[in-house]
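The values are calculated or read from the model by the stated rules, or taken from the named source; none is laboratory data. Quick caveat: nothing in here was measured; it's all calculated off a predicted structure. We place every Cβ from the backbone using ideal geometry, glycine too, and count neighbours over all the protein chains shown.
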Amino acid sequence: MGSNGPIIACFSGLASLLKLRLAATSNADGGKYPGGLKRELMPKHVAIIMDGNRRWAKNRGLPVQLGHKAGEEVMKRIAIKCSQLGVKVLTVFAFSTENWLRPQEEVGFLMKLFEQVIQTDFNELTRHDMQISIIGDKSRLPKSLQSLITTAEESSKSNKGMRLFVALNYSGRYDITQATKKIASKVRDGILSAQDIDEGSFDQHLETSQIDFPNPDLLIRTSGELRLSNFMLWQLAYTELLFVQKLFPEFNEGDLLEAFRSFQQRQRRYGGV
Amino acid sequence: MENSMDRFAGRLFGSTVSYIRRFLFRVLSVGPIPNHIAFILDGNRRYAKKWNLGEGMGHRAGFLALMSIMKYCYELGVKYVTIYAFSIDNFKRRPEEVQYVMDMMLEKIEGLLKEESIVNQYGVRVYFVGNLKLLNENVRMAAEKAMKAASNNSRSVILICVAYTSTDEIVHAAQESCEEKWTEIQSLTDARNCEIIEEKREGSNVIKLADIERHMYMGVAPDPDILVRTSGETRLSNFLLWQTSNCLLYSPRALWPEIGLRHLVWAVLNFQRIYPYLEKRRKNI
């Protein structure tokens, strides 16, 4: 902001490069945890808002669909890299409840793309022992996509590796609302009293329940936009947010490691000491 | 003689700065001005450590910064300002610190009621938002008194979040929605005409998004346009999770007591940059 800004940025950039080189040489896990990452500080649950496919395509004079295809490739590579680095849960924001407002051809293309991803990419991902689940309001998706989803979830159910959540027709407000409806039904049926509703009730009924690490430690949003766009709102209460300038199709494994490094330097206090 | 010259010079300087600021705001107002800005006041303790002050002094410096920022916001034309004053998580801090903050809050709330306070100067309506039952009796009563005293003000609004977390707010809204639906269903069951009742039961059984929103503590204000968190930390810390779903997030490195006009201007300029996109979305939904 001031005129010292660029100079300071330069120095701190050099300083962090130096720190990384020193850390790399002293890192015992060099092979698995490159570039000075510490095993004990790795995020357990990473969430990604895969923004910027359309802008990437427009910048190159390509149709929007090719932007989404490029994004699909990147998502696969990032998922595999996260799995290799020992991340326990990865959630990606593929389609929001608000994306239905996009042009019909684009929405139609995306639905077909999701079917293709399930039929081809998911096979590769399950070979890395990933357990795949789709979160979101599946009832609004095309029937063909719904049945593919059910099959994919069933077949990867017994895998023991990283859990991959793909958010399709999902939003944070939708998730909280559907959890409230489930809780309200239990109250109506006498299983629960209104007074007993607490944060645990929500933790149990949100779409990310039933897993060990339901709340992301780190959220990465590409394309430089500084907002959450109605992604996982409840679960992001204490999540470290990282906004990256690059468009999603340009995001590579190096950027992912850089994001983890930045995460590991943050001090999380959770409101206490 | 020299003293009165100094005073005159001081006044002249102050007026010039104020004139430049008002001119700057006029220029900014050519573009859209955010209706609601929310602030996470982070960094008071680090500020105190940095300047070797007692921890309590950090909070006091933070309060002064708050008064300036509120003034700038209202001068600029921002109608709603929300601040994260005290989280339910903050009760976990050392008892001495919690007690100090509570005492300071009591002192400042009582200050709000005074004639010359910012509340009366700018016609600010005050809301204390959060699970107020968790506060000490005297702080809660002072808060309620302040809310009542300022209830006729309508030019601008300040929402002070104390004993607040967003997850607690959502749980509370869910409880209230359930209880309201339960009462509705009960009253329908008591009525005479059974066929109509059955249909109404099915329809009103479903809790909708609007029901939850209605029962939120923050339901008295529209969603924030910008959320500012100072001290360089980029996380929400359980603040306004529901309401910031599409809000611009800005996290300057400055500690809260160091926040100034330039940060506010930067935030507003960024807001104006993305405004066309937000408007398009709003029209579509």
Next on the checklist: Pairs please, first residue from region A:177-203 and within 17 Å of B:Glu213 (Cα to Cα) and of a type outside the set (A, V, I, L, M), second anywhere and at pLDDT below 85 and assigned to a loop (DSSP other than H, G, I, E, B), Cβ atoms under 9 Å, 6+ apart in sequence or on different chains.
Outcome noted: A:Thr177/B:Ile207; A:Thr177/B:Lys208; A:Thr180/B:Ile207; A:Lys181/B:Val206; A:Lys181/B:Ile207; A:Lys181/B:Lys208
Next on the checklist: For region A:65-113, give me each residue that is within 28 Å of A:Leu41 (Cα to Cα) and among the β-branched types (Val, Ile, Thr).
Outcome noted: A:Val74, A:Ile78, A:Ile80, A:Val87, A:Val89, A:Thr91, A:Val92
Checklist outcome for this item: The number of residues in region B:243-253 that are in a loop (DSSP other than H, G, I, E, B) and either closer than 15 Å to A:Tyr270 by Cα or out of contact with any Gly (no Cβ under 8 Å at 6 or more places or on another chain) (or both) is 4
Item to check | Among the residues listed as A:Ile118, A:Ile132, the single one being buried (at least 19 other Cβ atoms within 10 Å of the Cβ) and assigned to a strand (DSSP E or B) | outcome: A:Ile132
Checklist outcome for this item: Checked region B:133-182 for anything in contact with an Asp or Glu (Cβ under 8 Å, 6 or more places away or on another chain) and under 30 Å from A:Lys181 (Cα atoms); matches are B:Thr165, B:Thr167, B:Asp168, B:Val171, B:Ala173, B:Ser177, B:Glu180, B:Lys181
Checklist entry - Just one of the numbered conditions (1) without any contact (Cβ under 8 Å) to a residue 40 or more places away in the chain; (2) touching a Ser or Thr at 6+ places or on another chain (Cβ under 6 Å) is not true of A:Pro216; which one? => result (1)
Checklist entry - Which one of these does B:Asn52 not meet: (1) away from chain A (no Cβ under 14 Å); (2) at negative phi? => result (2)
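Within region A:233-273, take every residue that is among the hydrophobic types (A, V, I, L, M, F, W, C) and part of a helix (DSSP H, G or I) and give me the one that is farthest from B:Tyr250 (Cα to Cα).
A:Leu257
Yes/no per residue for (1) among the small types (Gly, Ala, Ser); (2) away from every other protein chain (no Cβ under 14 Å):
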residue: A:Gln131; (1), (2): no, yes
residue: A:Ser147; (1), (2): yes, yes
residue: A:Asn159; (1), (2): no, yes
residue: A:Leu164; (1), (2): no, yes
residue: A:Leu168; (1), (2): no, yes
residue: A:Ile197; (1), (2): no, no
residue: A:Leu219; (1), (2): no, no
residue: A:Ser229; (1), (2): yes, no
residue: A:Leu233; (1), (2): no, no
Next on the checklist: Can you tell me which residue is nearest to A:Ile132 (Cα to Cα) among those in region A:170-185 that are more than 9 Å from chain B (Cβ to nearest Cβ) and not polar (S, T, N, Q)?
Outcome noted: A:Tyr170
Checklist entry - Has region A:227-246 got at least one residue that is within 13 Å of the chain's Cα centre (by Cα), closer than 22 Å to A:Gln131 by Cβ, surrounded by fewer than 22 Cβ atoms within 10 Å (Cβ to Cβ) and touching a residue at least 24 places away in the same chain (Cβ under 8 Å)? => result no
Checklist entry - Got a sec? Which of A:Lys112, A:Lys76 is surrounded by fewer than 22 Cβ atoms within 10 Å (Cβ to Cβ), part of a helix (DSSP H, G or I) and without any contact (Cβ under 8 Å) to a residue 24 or more places away in the chain? => result A:Lys112
Item to check | Residue identified as part of a loop (DSSP other than H, G, I, E, B) and either in contact with a helix residue (DSSP H, G or I) (Cβ under 6 Å, 6 or more places away or on another chain) or more than 30 Å from A:Arg127 (Cβ to Cβ) (or both) among A:Ile176, A:Ile191, A:Ile211 | outcome: A:Ile191
Checklist outcome for this item: Only one of (1) of a type in the set (A, V, I, L, M); (2) surrounded by 15 or more Cβ atoms within 10 Å (Cβ to Cβ); (3) touching a His at 6+ places or on another chain (Cβ under 9 Å) does not apply to A:Val166, and that is (3)
Checklist entry - List, please: which pairs have Cβ atoms under 8 Å, are six or more places apart or on different chains, and start with a residue in region B:229-240 that is facing another protein chain (nearest Cβ under 7 Å) and among the basic types (Lys, Arg) and end with one that is part of a loop (DSSP other than H, G, I, E, B) and buried (at least 22 other Cβ atoms within 10 Å of the Cβ)? => result B:Arg235/A:Thr239
Checklist entry - Condition test on B:Asn35, is it within 30 Å of B:Ala163 (Cβ to Cβ) and buried (at least 17 other Cβ atoms within 10 Å of the Cβ)? => result no
Next on the checklist: Looking at region A:231-256 only, could you name the residues that are farther than 22 Å from A:Trp56 by Cα and touching a Phe, Trp or Tyr at 6+ places or on another chain (Cβ under 9 Å)?
Outcome noted: A:Met232, A:Leu233, A:Trp234, A:Ala237, A:Tyr238, A:Glu240
